[in-house]
Amino acid sequence: MNALVPLVVTIPLLGAAIALIFGQRPRVQIFVSLISLTLVTAIAAVLLVAVDQTGTVTVNVGGWAPPWGIVLVVDRLSAIMLLVSALMLLGVLIFAIGQGIVDDDNETPVSIFHPAYLVLSAGLFDAFVAGDLFNMYVGFEMLLAASYVLLTLGGTGARIRAGVTYIVISLMSSLLFVGAIALIYGATGTVTIALISERVRELPMGVQAILCAALLLGFAVKAAVFPLSFWLPDSYPTAPAPVTAVFAGLLTKVGVYAIIRTDTVMFVDVPLRIPLMVVAFFTLLVGIMGAVMQADIKRLLSFTLVSHIGYMIFGIAIGGDIALTATIFYVVHHIVVQTTLFLATGLVERVGGSTSISRLGGLLKAAPFVAVLFFLGALNLGGIPPFSGFLGKIGLFQAGVEEGSWLSYVLIAAGAATSLLTLYALARVWNMAFWRSRGEVEGYQSPLLESLAESPEDSGTVATKQTSRLMVGATTGMVGLTLLLTVFAGPIFGYAERAAAQVENVENYISAVFPEGSP
Amino acid sequence: MATILTIFLIVSVATPFLARFLKNHVFTVVALVPAGAFIWTLLQGEQIRTHGEITETIRWVPQLDLALAFRMDTLAWLLALVVTGVGTVVLLYCTQYFTKREPGLGRFAAFLFAFAGTMFGLVTADDILLMFMFWEITSVLSYLLIGHYTGKKESRGAALQALLVTTFGGLVMLIGVIMISVQVGSTSLSAIVAAGVTGPMAVTAILLIIVGAISKSAIVPFHFWLPAAMAAPTPVSAYLHAAAMVKAGIYLIARLAPGYADLPGWKLVLIGLGVWTMLVGAWRSLRQYDLKLVLAYGTVSQLGFLMVIVGFGTPDAALAGAALLLAHAIYKSTLFLVVGIIDHAAGTRDWRQLSGLGRKMPVLAVITALAIASMAGIPPLLGFVAKESIFGAFLQAAEAGDPYGWIALIGTAVGSILTVAYSARFFWGAFATRTAACVSTEWHKPPTAILIGPGVLAVVSVLLGIFSPALNAWLDPYPESFDGHLEGHLALWHGFEPALFISIAILGLGAALFWKKTQVARLQEALPPLVDSSRGYWSVTRAVDKISAKVTIFGQRGGLPQYLATILVVFVLVLGTLAAIGNVWPTTFRLYDYPQQVVIALVMALATLGAAWTRKRMAAVLLVGVTGFGMVALFAFHGAPDLALTQALVETITIVAFVLVLRRLPGNSQKLTKRVHRGRRAVIAIGTGVVMGAIALIALGSRITDPISAQLPEMAYYEGHGKNVVNVALVDIRAWDTMGEISVLVVVATGIASLLFVSGRADKKGRRGLRRPATALGRRSVLSDPDIQPATPGARQSWLVSGGKIASANRSILLEVLVRLMFHPAIVVSIFLLFVGHNSPGGGFAGGLLAGLALVFRYLAGGRYELREAVPIDAGKLLGAGLVLAVGSAIGSLFFGSEILSSAYLSADIPVLGYISIGTTTIFDIGVYLVVVGLVLDILRSLGGEVDRQQDEADIAEESTDEFSPRQQVPNTDLWATQRVPIVPDTPSATDTREDNR
């Protein structure tokens, strides 16, 4: 079992290397990528079952025991993150392959897409299994470096501009992260997470707070937590549809995952409840307000992405088993739904030739199946029952009510408002893009469109393109996955509950890393 | 019950497909399901009457206490009968109402059918969360059904409005639902009602739930969505907006009333708003000319009436409420179906254009008369029976001293007078014969079968009225669940009681009001509308839009510089505050370890300031380089030659890369537009530096244990087989990190290359046609560039392979000779560094960098042709091979049964190189070496060679045509609004690039 853990990183890396060597043979690249991610998905599934049954798995890389060597840790939380991300990456890859086959133009130069995509996957997986803070940083760097490449794919003016924002901000967050690691190493003399957890508690609270805050700031930029979130809608939406889908679904969640680990493992004693609640409040509302004023669907979704991070921060802030259970479920739900919606929007863009609701129309008639896919995703994101978004929200609200402070109630109210505004923004998209007929679009006047802002990178309406079966199939599969999250909400919540209990139990984590006691 | 819902789910998914074959007859087929559910429910009646309830529970999400729990008691039974019964009738009616060619028929049928199932679920759910789920699904289905005529703007707007209003209420209610279920400790509705908790939390929760209920049931101030929802096809209005969905709020209040009617605020809100709604709705109804709107406002009014009675909280009121609920569902859906028939037949619903319908359709007139009679409360219909008992119940409470009894009595009596008036006006409007000129001439005779549905409902209304005493036995268990004794019963004739006189008075006054309709109309025009919630809705949405726009524009106005500033300001504020208030300053304080540190630090600091200050890009790069070499010095003084060597090589390569890029940028960065910005940024920068320094001091000052590095050298030697601890750490102890980092190098190198080659094509050539197939990456193109002729044998005569290919003006013989002499030794040394790295300064990274530097000089001396000759391999392949070696050696160890990246060693004495211990780590290090060489090669080819080539082309293009470089047309968006540095630089003039070309 232990041997499987490093494979989740090495397989995609090896795949990336092979894809690079066969840079001129797209078919080989596609084959390698598919095989790599399928293998990782299978491994992640096996790990999930194994970890759930027998407990946390740790691997001392190279046989070097922590804290000197690097330790990889897979507990229930890591395992579910691995599995969900692997599934998303695989689904989006299939979509991208479908798009590449249809297009065959220079928007997605195949030869660089696959290696970068696989390195991104490897980085993501590494961040989830890292039991070593510096190694987590390396994982972040891998996925970020790959994301720079993927974001600027094709090198159009808009993408370069978005890329500049994204790269500079990401470098800043990495700088904060690595700075925090240096501080933590300075104070505790280790970068092994389990040992940090122990030693940090011996430091004065003031120092703990400083170290914790320094680390969280870096993660908060990545997770797009208010007020460090404004960059996101300026960068994500310009990438090609599948790339945006992966970014939206997964990259912010790595930040959330890291925040969970910071709060529950590394800095157990630091009181983060109130500060996190305050930022969660603003993240929710300011984010969704951004979504309300967007005419461009991709930008709109990017703002909802930021906003809904607030739900997760809220859950982390409350803490405790119930809230963490709901948070873990919500993270899983949100990864799947955001990815799916961006893919559906990718289909919309191809069918309608634009992503701006002021110019789209008649999609229900033109592409009824795409409409169904988009509608299901939108309802789910808006937290409409019976979908998983609603279930996650109930969990968070229940935890908030049980916590019972007035701040919790304020957050619940903000959460409900966010849900309503999400629905408002998405229903407006539906009204305009799907219901409104094509013929009405010209010179259309409506109070609903008055305050909307077009994307600064708006490129007008372009020719519609074909959608391949593979693209629609991949999106359908993902929508199917969101429905499964609802149907099997019971078992998934059960798993999330066990994962939360495990995350909460720090001593369990430490003894898994140091079976013979910490040095 | 779960089985019924499953059938509903499956059939509704199948409906669109069935509709393709069956066309409008799909309604007849699917109507069998609610009909079956109706019969099943009816058969359960006996058991419910005797046992009180039937329940069913399936586990779903125990963590949320959410289960598929169903419970059918009397109230649920009554409502289930209504929703399935009316649902069946409406679906059958649809078969006639729609033609075969109706667009979106399958979709419509599926939604309407699914709605019937959802309502069935809503009224039978016992888990309050489950009930809420059905509740919200009805909102969504209502949205889809109201917007059925997708081509009509008002129908889309009305759909959105209904969705937002009911979802707003729903979300408010959700908070209440969760609060009450947490307080009770159960999500079971029956348990929540039985618990009857009190206290401020319960009051808040119940009030929040009431908000949900009144928004769903269109009570003031949320009533406005219902008339607007009349944009839906008539069957939808009949079902959703008369019989079923709007009853959900009434149902919930009726459900909670036994436990919570005495809670403070309950009666005040429900009776107050209910009476108000009844009056407002009826008053507005009197003013309408559209028959459907008469009914819509009438429904609003009647919902207010229902809210008063079911919220009243006495057993008698509960019984009367149940009766009115039943009566209203039947007569109101009948009337809507009638309006649908008239609309189809006459082509209009405006009664001013209708004439003589009574003579043309006598049967329809009779059906309408029966329904109207029930609505107005004329015996012997069910509506009359219900109203009698309502007034009886209010009187009973009023006599017992409850002030709400009087309020409710007077309010609903006045409302009932108006009801009689608009009922009469509706009938007169629809069926009277007029002589006005504007009467519509259009007339299609409707199919007789369409009359069956409304006819059946009308007959049921009569039968239930006549046999109303029999209803008592079935309905009594519900009122008996309240505290207190049930005195009243349903009957046509109670004797000469006060309620009877009230009823007679109401009928008389209502008739008088109808008689004086012209005067009433004049009065209505004179009075301004009291509440205009619809305008409120629009101003709220507009305000939300506007505020959102303001907030967002504020947050995003500055683009990247502002985002960066925000991050840094947050950093300074948060960490600065924590450092200031934490009382954590170290007590002992060492200024420096050795005096050189001070000098180096000073130089580095000055260089940093200079880099920030200067506007000359090249100077800035060099100054940044100074800080890098400062690090080299620090490493060296700390006794880390290996790090110093690597850092020096890295700095050199970095500067080279920068120079390659800078030659394409203007020499000076542009000045900030405002002096304030400069000052502000200086403050932020200095603050960040100070805070970072302070917290570093604090963190290091509070060190409690020795860092792990103390033991590393020893471990490296005995277990890692190497004296060079840095290298052992890189390739063994922390090889996992190295593996990740080289993949970063790989991806960055390829990324830069792809960007330059691809964007070179996309930007520069634009639509002038791509010369190479798009999938071919530039790297490959360099090798196959048609511009480059293969080096002729004659070229061999020069010092460098490419010597003959370069314009003599750009050649430097001195450089060529030097490179010629140095290149091969440098490569040898780099390989030496690679292999001795484990024990002495060196390693794959340093070795690779040295080889890279050698390539840099080769390029500088001979240009891109020279580079191609020096390494005739695709850089991508080099990078890929390096990564394969590194990762492969990592995975390899797995096959020997040990942990990943475990190392194995083979030691031997080798001439020249001396004692060497070659292990798997060496293979790993070779991988690193290859990756680094590949990286440098990629950078040289893209930032160097490709940029040269693009430049050459640009020069040629400039000479041949006077065309504007497309690069200058790249819009300068507000990303850099405050800084005005173009992201994609303007093409510099030909002169300044040629200068530093080589």
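Couple of notes before you dig in:
- Residue pairs whose Cβ atoms lie under 6 Å apart, separated by 6 or more positions or on different chains, with the first residue in region B:737-758 and more than 7 Å from chain A (Cβ to nearest Cβ) and the second acidic (Asp, Glu), are B:749/B:938; B:753/B:938; B:756/B:946; B:757/B:946.
- Taking the criterion of being in contact (Cβ under 8 Å) with a residue 60 or more places away in the chain, more than 20 Å from residue B:935 (Cβ to Cβ) and assigned to a helix (DSSP H, G or I), the residues of region B:612-643 that qualify are B:612, B:641.
- Checked against the criterion of being touching a helix residue (DSSP H, G or I) at 6+ places or on another chain (Cβ under 6 Å) and hydrophobic (A, V, I, L, M, F, W, C), the candidates B:112, B:144 yield just one match: B:144.
- Flag for residue A:70 being over 26 Å from residue A:482 (Cβ atoms) and modelled with pLDDT under 85: no
- Selection of region B:608-635 for residues being aliphatic (A, V, I, L, M), within 52 Å of the chain's Cα centre (by Cα) and closer than 17 Å to residue B:648 by Cα yields B:621, B:622, B:623, B:624, B:626, B:631, B:632, B:634.
- Residue pairs meeting the criteria (Cβ under 9 Å; at least 6 apart or on separate chains; first at positive phi, in region B:861-875; second at pLDDT below 75 and hydroxyl-bearing (Ser, Thr, Tyr)): B:863/B:802
- Among the conditions (1) surrounded by 15 or more Cβ atoms within 10 Å (Cβ to Cβ); (2) hydroxyl-bearing (Ser, Thr, Tyr); (3) within 14 Å of another protein chain (Cβ to nearest Cβ), residue B:41 misses just one, which is (3).
- Among the candidates B:305, B:394, B:336, residue that is farther than 19 Å from residue B:282 by Cα and either touching a Gly at 6+ places or on another chain (Cβ under 8 Å) or buried (at least 24 other Cβ atoms within 10 Å of the Cβ) (or both): B:394
- Restricting A:34, A:39 to those that are within 14 Å of another protein chain (Cβ to nearest Cβ) and surrounded by fewer than 24 Cβ atoms within 10 Å (Cβ to Cβ) reduces the list to A:39.
- Selection within region A:256-265 - surrounded by fewer than 24 Cβ atoms within 10 Å (Cβ to Cβ) and either of a type in the set (Gly, Ala, Ser) or over 19 Å from the mean Cα position of the chain (by Cα) (or both): A:264, A:265
- Filter pass, residue B:181 being in contact (Cβ under 8 Å) with a residue 60 or more places away in the chain, within 14 Å of chain A (Cβ to nearest Cβ) and part of a helix (DSSP H, G or I): yes
- Scanning region A:462-501 for residues that are touching a Leu at 6+ places or on another chain (Cβ under 9 Å), of a type in the set (Val, Ile, Thr) and away from chain B (no Cβ under 13 Å) yields a total of 6.
- Complete set of residues in region B:62-87 that are in contact (Cβ under 8 Å) with a residue 24 or more places away in the chain and within 14 Å of chain A (Cβ to nearest Cβ): B:64, B:65, B:66, B:67, B:68, B:69
- Condition met for residue A:52 (surrounded by fewer than 20 Cβ atoms within 10 Å (Cβ to Cβ), among the charged types (D, E, K, R) and more than 10 Å from chain B (Cβ to nearest Cβ)): yes
- Among the residues making up region A:431-451, a single one is closer than 25 Å to residue A:373 by Cβ and either acidic (Asp, Glu) or in contact with a Cys (Cβ under 6 Å, 6 or more places away or on another chain) (or both): A:440.
- Helices (runs of 4 or more DSSP H) wholly inside region A:125-224 that include at least 2 residues being at the interface with chain B (Cβ under 8 Å from one of its Cβ atoms): A:133-151, A:157-188, A:205-223
Rundown of residues vs (1) under 15 Å from residue A:333 (Cα atoms); (2) in contact with a strand residue (DSSP E or B) (Cβ under 7 Å, 6 or more places away or on another chain); (3) surrounded by fewer than 19 Cβ atoms within 10 Å (Cβ to Cβ); (4) modelled with pLDDT under 90, yes/no style:
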residue	(1), (2), (3), (4)
A:449	no, no, yes, yes
A:465	no, no, yes, yes
A:470	no, no, yes, yes
A:478	yes, no, no, no
A:484	yes, no, yes, no
A:487	yes, no, yes, no
A:492	yes, no, no, no
A:495	yes, no, no, no
A:500	no, no, no, no
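- Out of A:285, A:250, A:300, sole residue that is under 30 Å from residue A:505 (Cα atoms), in a helix (DSSP H, G or I) and at pLDDT below 95: A:250
- Residue identified as under 49 Å from the mean Cα position of the chain (by Cα), at pLDDT below 85 and within 14 Å of another protein chain (Cβ to nearest Cβ) among B:582, B:576: B:582
- Scanning region B:248-270 for residues that are crowded, with 24+ Cβ neighbours inside 10 Å and aliphatic (A, V, I, L, M) returns B:248, B:250, B:252, B:253, B:254, B:256, B:257, B:270.
- Matching option when the condition is without any contact (Cβ under 8 Å) to a residue 24 or more places away in the chain and assigned by TED's automatic domain parsing to the domain that holds residue A:57, among A:138, A:129, A:149: A:138
- The conditions of being surrounded by fewer than 23 Cβ atoms within 10 Å (Cβ to Cβ), at the interface with chain A (Cβ under 7 Å from one of its Cβ atoms) and either under 23 Å from residue B:921 (Cα atoms) or among the aromatic types (Phe, Trp, Tyr) (or both) are met by residue B:708.
- One residue from B:59, B:49 being outside any strand (DSSP E or B) and either in contact (Cβ under 8 Å) with a residue 60 or more places away in the chain or on the phi < 0 side of the Ramachandran plot (or both): B:49
The values are calculated or read from the model by the stated rules, or taken from the named source; none is laboratory data. These numbers were taken from a predicted model, which means no experiment stands behind them. Neighbour counts run over all protein chains shown; Cβ positions are idealised from the backbone, glycine included.
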